[in-house]
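Q: Please read through the structure below; I'll follow up with questions.
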Amino acid sequence: MEPIIIYIIIGAAALIIGIILGKIIFAKNTRKQVEDAQQQSQTILREAELRAETLKKEKELEAKEKFVQMKSTHDREVMQRNQKILEGENRIKQREQSINQKETALDKQVKENDAIKENLNRQIEVVSLKRNELEKHQEEHIRRLEKVAGLSAEDAKTQLIESLKQEAQSKALSIQQEIIEEAKLKANKEARKIVIQTIQRTAAEQAIENAITVFNLESDEIKGSIIGREGRNIRAIEAATGVDLIVDDTPEAIILSSFDPLRREIARLSLQRLVADGRIHPARIEEVVEKTKRQLDDQVMEIGERTAMELGVHGLHKELIRMVGRMRFRSSYGQNLLMHSRETANLCGIMAAELGLNPKLAKRAGLLHDIGKVPDEETDLSHALLGAKLAEKYGENPAVVNAIGAHHDEMEMQYVISPIIQACDAISGARPGARREIMQQYIQRIKDLENLALAYTGVEKAYAIQAGRELRVIVEADKVTDSDSDKLSFEIAQKIQTEMTFPGQIKVTVIREKRSVNVAR
């Protein structure tokens, strides 16, 4: 055990000695590192001082340069301000000189005005004296004239005023007539041109709409199948379609009667399918009629879409497209409503283009202006107001809504296209062949026109010719003068315009003829 202890003691002593030597060596290395760090720090400080000096010199130079620049800029501004001040002083001096000159001129003018006033006062005094003398002479002259004429001055004045009044009335009437004619020629020249061009560029059909539809049959034997046992088939057809079927002695034909063209079309198509199928009984009739109604609704949408596409009207609501399609089966005074709306839309587009307005918007309003005539439900509103309400409901442009509501003057016109729609609607309805007028209404209108002229004094006869578009009035030559004829034609035209409703225009012609007849025997 003793050698082991010795080795341990020797190892411990060696360890202690190693530790002491390590500390001594570490201390030496640490001192050396500290000395190196101090040297480096001194080097860095010297370099920093050098850089600081350099930066200081650079900044001083920059400051001097900026000071020089600012000084030069300040000097320039001072010079400019001084120059402006001098210019302002010069302008003030010039104004003072001009003011002084004006003052002197005004003084001279005031003196001249004073002199003129004095002269005027003298002249006024002279004129007043002369006026007094003239009045005295005039009174003497009037007294002498009264003695000579046997009339007082008031009576003579009354007669003169009456004669001058009649002469002035005749002259004023002739001048008024000339002014009106000239104004019409000038004001309506361009309007006539646009309307004529619009009408000439639009082709339209004549209306041949009726309240009946003739359904042709291959033979009269089919009539029995359509009537059915004890008339049950024909009653079922009438109940399902709302159309009256007239089966008479007309060979190979059945008449469908209804004021609703849509119902007549449903009945016609249903009959066509029933006859082609051969199975005609109440259950089959109801089935075919329902199927036909659905197919016709699809056809209505197709007609509306095709019409909108042909006219270039895009973005319409589906309900408005359906209403446009339903116009195909409506008529107004015998004129097909869809044809009328298409014609109005084309006229509106052309007229708006001629006037430099938006033709697409005008076409849209023209196509939709009568949608109030094909409502789904009955209402107390007029078709113009109802159409405006529907257009507003389905998001149409406010200009289109106003044009629809105002085309019969039931709403105030707020947009430029509104009168265009009204004019084109009148053009489409008033053209020859567009509409059929009921005979009694036509005769009554002609009578009212003639009676209106016969109510005037001196009118002997009155004739309404050219389908009521011209009124010829024959007056008695002994009671009516030439100037009275002009006045009479003007008054009759004005009265017709204010009291009667008529399409287009009415020409009033007053004829005065003097015949002197003697017989030589």
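The values are calculated or read from the model by the stated rules, or taken from the named source; none is laboratory data. Only a predicted model underlies this, so the values are computations on that prediction, with no experimental measurement involved. We place every Cβ from the backbone using ideal geometry, glycine too, and count neighbours over all the protein chains shown. Areas reflect the complete protein model, heavy atoms only, side chains present, ligands, DNA and RNA absent. Shrake-Rupley method; radii C 1.70, N 1.55, O 1.52, S 1.80 Å.
Q: At Ile6 and Asp36, where each label point lies 7 Å from the Cα along Cα→Cβ, what is the point-to-point distance in nanometres?
A: 4.5 nm
Q: Rolling a 1.4 angstrom probe over the protein chains, ignoring ligands and nucleic acids, what is the accessible area of Lys71 in square angstrom, nearest 10?
A: Accessible area, nearest 10 Å²: 120 Å².
Q: Now a separate question. Based on the Cβ-Cβ distance from Asp249 to Lys447, what FRET efficiency comes out when R0 is 45 Å, to the nearest 0.05? Each step should come with its number before you reach the end.
A: Working: r = 39 Å, r/R0 = 0.87.
In this case the efficiency is close to 0.70.
Q: A further question follows. Under 5 Å between amide hydrogens, which residues at least 5 positions from Val510 or on another chain qualify, with H placed 1.01 Å from N in the peptide plane?
A: Those qualifying (amide H under 5 Å, at least 5 residues apart or on another chain) are Val473.
Q: Can I ask one more? Return the percentage of antiparallel bridges among DSSP beta bridges fully within the chain, rounded to the nearest 5 %. All intermediate terms of the calculation are to be shown ahead of the outcome.
A: Numbers: 16 of 22 bridges.
Around 75 percent of the beta bridges assigned by DSSP in the chain are antiparallel ones.
Q: On to the next question. Using heavy-atom solvent-accessible surface (probe 1.4 Å) with all chains present, what is the largest-first order of Glu265, Glu77?
A: Details: Glu265 40, Glu77 85 Å².
In descending accessible area the options line up as Glu77, Glu265.
Q: Let me ask you something else. How high is the relative contact order of the chain, given as a whole-number percent (alpha carbon pairs under 8 Å, six or more residues apart)? Before the final figure, lay out each step's value.
A: On the way: 489 pairs, mean separation 42.7, N = 521.
Once normalised by length, the contact order is 8 percent.
Q: Which sequence of Glu319, Glu221 reflects their accessible areas, 1.4 Å probe, from the largest down?
A: Values: Glu319 60, Glu221 155 Å².
Accessible-area ranking of Glu319, Glu221, largest first: Glu221, Glu319.
Q: Then there is this: Under a straight-distance cross-link criterion of Cα-Cα below 19 Å, which aspartates and glutamates are reachable from Lys507, leaving out those fewer than 8 residues away in the same chain?
A: Glu178, Glu181, Glu182, Asp448, Glu450, Glu460, Glu470, Asp482, Asp484, Asp486, Glu491, Glu499
Q: Which aspartates and glutamates, if any, have their Cα less than 14 Å from the Cα of Lys363, not counting same-chain residues under 8 positions apart?
A: Partners within reach: Glu310, Glu343, Glu354, Glu396, Asp425.
Q: Where nothing but the Cβ of Lys and Arg (+1) and of Asp and Glu (-1) is charged, how large is the charge dipole of the chain around its Cα centre, in debye to the nearest 20? Intermediate values should be presented prior to the final figure.
A: On the way: 80 positive and 83 negative charges, 368 e Å.
About 1760 debye.
Q: Now for a separate question. Could you pull out every one of the aspartates and glutamates with an alpha carbon less than 13 Å from that of Lys117, ignoring same-chain neighbours closer than 8 positions?
A: Glu125
Q: Now for a separate question. Heavy atoms only, 1.4 Å probe, whole protein assembly: order Ile25, Ile222, Ile371 by accessible area, highest first.
A: Working: Ile25 100, Ile222 35, Ile371 0 Å².
Ranked from most to least accessible, the order is Ile25, Ile222, Ile371.
Q: Also, quick follow-up: Run the helix sum for the chain: -39,500 (n - 2.57) per DSSP H stretch of 4+ residues, divided by residue count, reported at 222 nm to the nearest 500 deg cm²/dmol.
A: So the helix-based figure for the chain works out to -25000 deg cm²/dmol.
Q: Return the FRET efficiency for the residue pair Arg122, Arg144: r is the Cβ-Cβ distance, R0 is 35 Å, and the value is rounded to the nearest 0.05.
A: Numbers: r = 33 Å, r/R0 = 0.96.
Working from the Cβ atoms, E equals 0.55.
Q: R0 = 45 Å: FRET efficiency of Ile99 with Glu133, Cβ-based, nearest 0.05?
A: Computed FRET efficiency for Ile99 and Glu133 comes out at 0.35.
Q: In the chain, if the dipole is taken from +1 on Lys/Arg beta carbons and -1 on Asp/Glu beta carbons about the Cα centre, which of Pro261, Val68, Val475 is farthest to the positive end?
A: Val68
Q: Using a 1.4 angstrom probe and counting only protein chains, how large is the accessible area of Met79 in Å², to 10?
A: We get 130 Å² for Met79.
Q: Rolling a 1.4 angstrom probe over the protein chains, ignoring ligands and nucleic acids, what is the accessible area of Ile24 in square angstrom, nearest 10?
A: 80 Å²
Q: Of Lys291/Lys373; Lys165/Lys487; Lys318/Lys393; Lys479/Lys514; Lys136/Lys165, which ones are farther than 20 Å apart at the Cα? All intermediate terms of the calculation are to be shown ahead of the outcome.
A: Working: Lys291/Lys373 26 Å; Lys165/Lys487 15 Å; Lys318/Lys393 12 Å; Lys479/Lys514 11 Å; Lys136/Lys165 29 Å.
Where the Cα-Cα span goes over 20 Å, the pairs concerned are Lys291/Lys373; Lys136/Lys165.
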